[in-house]
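Everything on this sheet refers to the single structure shown next.
The values are calculated or read from the model by the stated rules, or taken from the named source; none is laboratory data. Here the structure is a predicted model, which is why all the values come from computation and not from measurement. So basically every Cβ, Gly included, is an ideal-geometry build from the backbone, and we count neighbours across all protein chains shown.
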Number of protein chains: 2
Amino acid sequence: MPTHGADAAQPGTDQIITPEHRRYDAADISWFIRSAYVALGVPEADAATVAGLMVQADLLGYDTHGSFRLRQYINRLRDGGTNTVAKLSLASEASASAVVDGDNGLGHLAMLRATDLAIEKARDNGVGWVGVRNGNHAGPASLYVNRVAEQDMIGIVAAVGSANHVAPFGGMDLLLGTNPLAIAVPAGEAPVFVLDMATTTAAAGKIKVLAQRGETMPEGWMVDREGNPLTDPNRQSEGLMLPIGGAKGYGLAMAIGLIAGTLNGAAFGKDVVSFSKDTTSATNTGQFVAAISIKAFGDVDAFKATVDGIFATMRQSTPLPGRGAVRIPGQERQALLLERRANGIPLHPNLVKALSQIAHELKIPELA
Amino acid sequence: MPTHGADAAQPGTDQIITPEHRRYDAADISWFIRSAYVALGVPEADAATVAGLMVQADLLGYDTHGSFRLRQYINRLRDGGTNTVAKLSLASEASASAVVDGDNGLGHLAMLRATDLAIEKARDNGVGWVGVRNGNHAGPASLYVNRVAEQDMIGIVAAVGSANHVAPFGGMDLLLGTNPLAIAVPAGEAPVFVLDMATTTAAAGKIKVLAQRGETMPEGWMVDREGNPLTDPNRQSEGLMLPIGGAKGYGLAMAIGLIAGTLNGAAFGKDVVSFSKDTTSATNTGQFVAAISIKAFGDVDAFKATVDGIFATMRQSTPLPGRGAVRIPGQERQALLLERRANGIPLHPNLVKALSQIAHELKIPELA
């Protein structure tokens, strides 16, 4: 089995698909997730919504942020860390902005509400900016920026990471998360541009996958408390994840923490609760969704045609010696979605085992 | 003279101040710049506005983005690349968004108008997002996010870089700029947080300063067309600047180009004109300013108190072995501003020579 799997992943996915993977129909995985939530007391409609978004993440190749996370979500619902029945409300509102209070329910519910509200506000005002407080881990930010882009708008989403794995630049106390940022820009003929990045050199989810698969991390992802490279993903808790660009990534993670967390009345810094280790405390996770209506800035078709041209120029530019063609962020994911819809979603044996364990615990039918 | 000056700069500045530097009063530099613009036909009020912002950049330690740029601005006004008399207008407007058309005047004028309009829209709607087209190089983005933060708002500014120094990830054609991003967040007792970063490992301005001072670049800033390190700043045009975090910095530069450029009807990609090399063509530079009103999200004083606490926790956290105390982005700049107001702005002899040359060309009194 190759090492550094997450780093050398096939285009559009977070992992290498091996013969050990078995493929499952998206609808079956979705039904399984939904049944698990309902067994724990989550209302039918909410369970279906979250299951749908988690499988959407799987279809798009965000393999560390879809059904892979069910174990964590289930543990927190079971132990009371996340509310099974969440009553969403608005904590504040202005014509182009709002804060959704997620009532500590499954994170996808508050983010979906925030996304749809940001779209509505952008339609009326040119731009909409909606924050979330009392949210939870909500899968990949791509899910929400994609939804904005489908409305001929530019989507921007950021979140306070669900655990502190990063120290401030020059320090060694874990006070920052990977604080991801996603941006989607619709094109015309070309697939949508989707940037979805952690502000660290690696995403936490990728380290989790390597640990689950018994592989090692490349140097540059983490260091220990003396600043030496750390490559064993099982020792993640002993080290520091490294921000991109040193002080710049640190500054970006700080800014995202202040805007996605503090501004919304959500946790940031030492108040952040580790989502996976602590299954009983509310996390008060903060996120935001911004939507920018292209129509408010000019002609939508002209914009899309220009974007297509820019992407074509980039793709057709000369590769560095020994490299393949230049790629546009996120564009392989749409083809992957079609392929996985047709052929099923490949799940690693360890993930299948974890889902089977959940079926036993909750006395629901196994995924088949 | 030390090498790598820009990298090892004193806190809050872009360069090391040596005994060779001579200090000049901010008001005198401002008057000199103003006189130069007026001599070229820029209206009095516009000349004073731009001179004030350029000296503000000097006072805040953005030594590569203040009076250092006068030579470039003058060349373009002289040769017709930039309009001396600019009639600003709105290309589009919605209640929370707009696009300012800068009429190819000095870049600071359009950005100032965009900033004030974004603030006004955020006051009324919670958030304001104003793009710029037909703009030009406008100094450090910090100037504008600072202005937003003074209104108890969070400011976000990004720009399409004024020349293409960066290739798409894996490619070797120069199709992207350093595309900077700045974010300011107001605090209570603590100085304002200001992130102002290029999406490359180094800013183009820092390379210009090293070239002017005859110093070398550290490895990691640039590579040549074979991917080998390039350390001679005079050979900048032969190489590629490197994005932070590899594919991530590339993605970020792309997103900024699409949002600050294409969305506003401004140049991005192969259409970008090199601001310093081409002194006769309109650049159609694109930027945007976003303002988020803290009041629309919750209590302003409570927000500021929380932010102060977060900064204190970061600053008091344990440093890595051998490192000084953790710093908060931009916070040293306010102290520097007071020091430079009191003691004058230190200018490098090469810059003084360049300003003297401008005085001769335009037949205006020398800076004294």
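Observations on the model:
- Just one of the numbered conditions (1) more than 11 Å from every other protein chain (Cβ to nearest Cβ); (2) on the phi < 0 side of the Ramachandran plot; (3) in contact with a strand residue (DSSP E or B) (Cβ under 7 Å, 6 or more places away or on another chain) is not true of A:GLY344: (2).
- Residues of region B:313-341 satisfying the condition of being small (Gly, Ala, Ser), in contact (Cβ under 8 Å) with a residue 12 or more places away in the chain and within 10 Å of another protein chain (Cβ to nearest Cβ): B:GLY330
- Within region B:182-217, considering residues that are touching an Asp or Glu at 6+ places or on another chain (Cβ under 9 Å) and without any contact (Cβ under 8 Å) to a residue 60 or more places away in the chain, the one farthest from B:ALA253 (Cα to Cα): B:ALA211
- All positions within region A:245-272 that are modelled with pLDDT under 95 and either under 27 Å from A:ARG123 (Cα atoms) or among the aliphatic types (A, V, I, L, M) (or both): A:ALA247
- Among the residues of region B:144-160, those identified as under 17 Å from the mean Cα position of the chain (by Cα) and either within 13 Å of another protein chain (Cβ to nearest Cβ) or buried (at least 24 other Cβ atoms within 10 Å of the Cβ) (or both) are B:TYR144, B:VAL145, B:ASN146, B:VAL148, B:ALA149, B:GLY155, B:ILE156, B:VAL157, B:ALA158, B:ALA159, B:VAL160.
- Test: residue in region A:134-143 that is buried (at least 24 other Cβ atoms within 10 Å of the Cβ), at positive phi and touching a Ser or Thr at 6+ places or on another chain (Cβ under 9 Å): yes
- Checking each residue in region B:224-282 for being more than 9 Å from chain A (Cβ to nearest Cβ), part of a loop (DSSP other than H, G, I, E, B) and under 28 Å from A:PRO243 (Cα atoms) picks out B:ASP224, B:ASN228, B:LEU230, B:THR231, B:ASP232, B:GLY239, B:LEU242.
- Filter result for B:ASN104 (on the phi > 0 side of the Ramachandran plot, more than 14 Å from chain A (Cβ to nearest Cβ) and in contact (Cβ under 8 Å) with a residue 40 or more places away in the chain): yes
- Selected residue (criterion: surrounded by the fewest Cβ atoms within 10 Å (Cβ to Cβ)) from residues of region B:170-192 that are β-branched (Val, Ile, Thr) and not in a strand (DSSP E or B): B:VAL192
- Only one of A:ASP271, A:ASP278 that is charged (D, E, K, R) and either in contact with a helix residue (DSSP H, G or I) (Cβ under 7 Å, 6 or more places away or on another chain) or more than 17 Å from A:THR178 (Cα to Cα) (or both): A:ASP278
- For region A:313-338, a tally of residues being surrounded by 14 or more Cβ atoms within 10 Å (Cβ to Cβ) and in a helix (DSSP H, G or I) returns 8.
- Checked against the criterion of being farther than 20 Å from A:GLN287 by Cβ and either β-branched (Val, Ile, Thr) or surrounded by 24 or more Cβ atoms within 10 Å (Cβ to Cβ) (or both), the candidates A:ALA253, A:ALA167 yield just one match: A:ALA167.
- Residue check, A:ASP299 more than 7 Å from every other protein chain (Cβ to nearest Cβ) and touching an Asp or Glu at 6+ places or on another chain (Cβ under 9 Å): no
- Selection count, region A:289-325, where residues are under 30 Å from A:GLY135 (Cβ atoms) and touching a strand residue (DSSP E or B) at 6+ places or on another chain (Cβ under 7 Å): 8
- Test: A:ARG71 is surrounded by fewer than 18 Cβ atoms within 10 Å (Cβ to Cβ), away from chain B (no Cβ under 14 Å) and of a type in the set (Lys, Arg): yes
- Some residue of region B:232-240 being in contact with a Gly (Cβ under 7 Å, 6 or more places away or on another chain), within 26 Å of A:ARG315 (Cβ to Cβ) and of a type outside the set (A, V, I, L, M, F, W, C): no
- Every test in (1) out of contact with any Leu (no Cβ under 9 Å at 6 or more places or on another chain); (2) farther than 22 Å from A:GLY257 by Cβ is passed by B:HIS165 save one, and that test is (1).
- Residue check for B:GLY205: under 30 Å from A:ILE328 (Cβ atoms), away from chain A (no Cβ under 13 Å) and either assigned to a strand (DSSP E or B) or not hydroxyl-bearing (Ser, Thr, Tyr) (or both): yes
- Contacts under 6 angstrom Cβ, first residue in region B:12-34 being at pLDDT below 80, partner of a type in the set (Ser, Thr, Tyr), 6 or more apart: B:ASP14/B:THR64
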